[in-house]
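The values are calculated or read from the model by the stated rules, or taken from the named source; none is laboratory data. Small disclaimer: the values here were computed from a predicted structure and weren't measured. In this analysis, Cβ positions are derived from the backbone assuming ideal geometry, glycine residues included, and neighbour counts consider all displayed protein chains. Remember, those area values only see protein heavy atoms, side chains included, never the ligands or the DNA or RNA. Shrake-Rupley method; radii C 1.70, N 1.55, O 1.52, S 1.80 Å.
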Amino acid sequence: MIYYGFLAAAVTMFSFQFLFNGIFEKEYGNGLRAMFVFSAGSSLAGLIVLLVINGFKVEYTHFSMLMAFVTALDSIGYTYFSLKSLGRINLSLYSMFAMLGGMVLPFLTGIIFYDEELSFSKGICFVLIILSLLLTVKKGEKKTGYIYYMGVFVLNGLSGVLSTIFQNSPYNRTSEAGYSILISAATLILSAVFLPFVKEKGRSLTKKAVFSMGGYGVLCRVANYLLLIALAHIPASAQYPFVTGGVMIISTVICFFTPDKPSKREIFGVAVSFAALLILMFV
């Protein structure tokens with residue numbers, strides 16, 4: 001059960017990180033410059049925290065570095081599509097696309113490519129989580145930009161797929177902390193390299209924008225590090241539905257402390273999600 005505790009901690013962090021995306025988009029915009037600035041700033045913050053966690057030990061293997069750069073490209077792309085999406089739809093709808101992608105793609109990867117068991121509890125949990133997402137989502141104000149929403153869906157899901165590939169690979173690889181450090185460093189390097197070539201003008205970085213980058217970077221990198229640890233013990237087809245359902249529950253609890261109180265429909269959707277998690281863990 002300790003690894004479900006790691007998942008619960010990661011879920012809590014993921015529930016708050018969406019807020020930092022929204023803050024940065026409002027403060028700095030959502031263009032290419034914003035993408036690279038946010039990726040660089042958040043990666044730097046995450047890198048510092050991960051180095052502390054790993055005792056300032058840096059690990060390396062060729063395979064881990066290759067996977068780190070692929071994951072970094074995915075992370076930068078996800079940042080771009082996230083910022084673009086948040087400029088068009090509300091946080092609820094954005095979260096649905098992100099969470100669905102983050103659950104569906106790793107779930108299918110585990111079942112199809114790694115021979116993970118498709119049990120009754122996993123199947124029921126998967127269906128109930130999708131139902132609960134549909135119940136809680138609010139329609140956005142704009143209907144254009146579906147390419148950005150699908151980008152959020154695919155790239156957030158691809159993050160889980162890449163983590164699954166890393167943990168199941170027979171190649172020589174670093175520890176979870178070492179790999180997480182390489183991902184943060186690779187994202188920082190790529191963002192810093194490409195940023196000078198972006199010609200568009202950006203806004204001045206406000207204190208809120210800097211805070212949002214730091215907050216997102218710490219929560220995102222540490223949460224994904226915890227998911228990597230848990231992934232060595234909990235199949236992807238069980239882990240990612242748990243993460244999606246958990247994020248929904250905690251996000252709704254957070255809403256009780258904001259002016260945007262959850263509706264009865266949202267509360268019902270969260271109850272469905274909670275039931276799905278109980279089925280996944282105990283049936």
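So the values come out like this:
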| item | result |
| --- | --- |
| Odd one out for S263 among (1) open to solvent by 30 Å² or more (accessible area, probe 1.4 Å); (2) touching a residue at least 60 places away in the same chain (Cβ under 8 Å) | (2) |
| Those helices (runs of 4 or more DSSP H) lying entirely in segment 15-122 with at least 1 residues among the basic types (K, R) | 32-53, 62-86 |
| Filter pass, I76 being under 22 Å from V11 (Cα atoms), in contact (Cβ under 8 Å) with a residue 60 or more places away in the chain, open to solvent by 50 Å² or more (accessible area, probe 1.4 Å) and out of contact with any Gly (no Cβ under 9 Å at 6 or more places or on another chain) | no |
| In segment 29-60, the residues that are charged (D, E, K, R) and modelled with pLDDT under 95 | R33 |
| Single residue of segment 166-223 satisfying the filter (of a type outside the set (V, I, T), touching a Lys or Arg at 6+ places or on another chain (Cβ under 6 Å) and at pLDDT below 95) that is surrounded by the most Cβ atoms within 10 Å (Cβ to Cβ) | G202 |
| Inter-residue pairs, beta-carbon under 8 Å, first closer than 23 Å to Y149 by Cα and touching a residue at least 12 places away in the same chain (Cβ under 8 Å) and in segment 30-53, second among the acidic types (D, E) and not in a helix (DSSP H, G or I), 6+ apart | G31/E200; L32/E200; R33/E200 |
| Inter-residue pairs, beta-carbon under 8 Å, first crowded, with 22+ Cβ neighbours inside 10 Å and in segment 93-113, second among the acidic types (D, E), 6+ apart | G110/E116 |
| Test for I181: is it outside any helix (DSSP H, G or I) and within 18 Å of the chain's Cα centre (by Cα) | no |
| Of the criteria (1) part of a loop (DSSP other than H, G, I, E, B); (2) under 20 Å from the mean Cα position of the chain (by Cα), which one S191 fails | (1) |
| Subset of segment 30-69 (residues that are among the small types (G, A, S) and open to solvent by 10 Å² or more (accessible area, probe 1.4 Å)) | G31, A40, G41, A45, G55 |
| Qualifying residue in segment 13-26 (condition: closer than 17 Å to P196 by Cβ and out of contact with any strand residue (DSSP E or B) (no Cβ under 7 Å at 6 or more places or on another chain)) | no |
| Residue that is modelled with the lowest pLDDT [pool: residues in segment 85-122 that are over 16 Å from Q239 (Cβ atoms) and among the aromatic types (F, W, Y)] | Y94 |
| Lone unmet requirement of (1) assigned to a helix (DSSP H, G or I); (2) over 25 Å from A40 (Cβ atoms); (3) of a type outside the set (A, V, I, L, M) for G217 | (2) |
| Meets criteria (open to solvent by less than 40 Å² (accessible area, probe 1.4 Å), in contact (Cβ under 8 Å) with a residue 12 or more places away in the chain and among the basic types (K, R)) for K84 | yes |
| Some residue of segment 124-136 being over 16 Å from the mean Cα position of the chain (by Cα) and hydroxyl-bearing (S, T, Y) | yes |
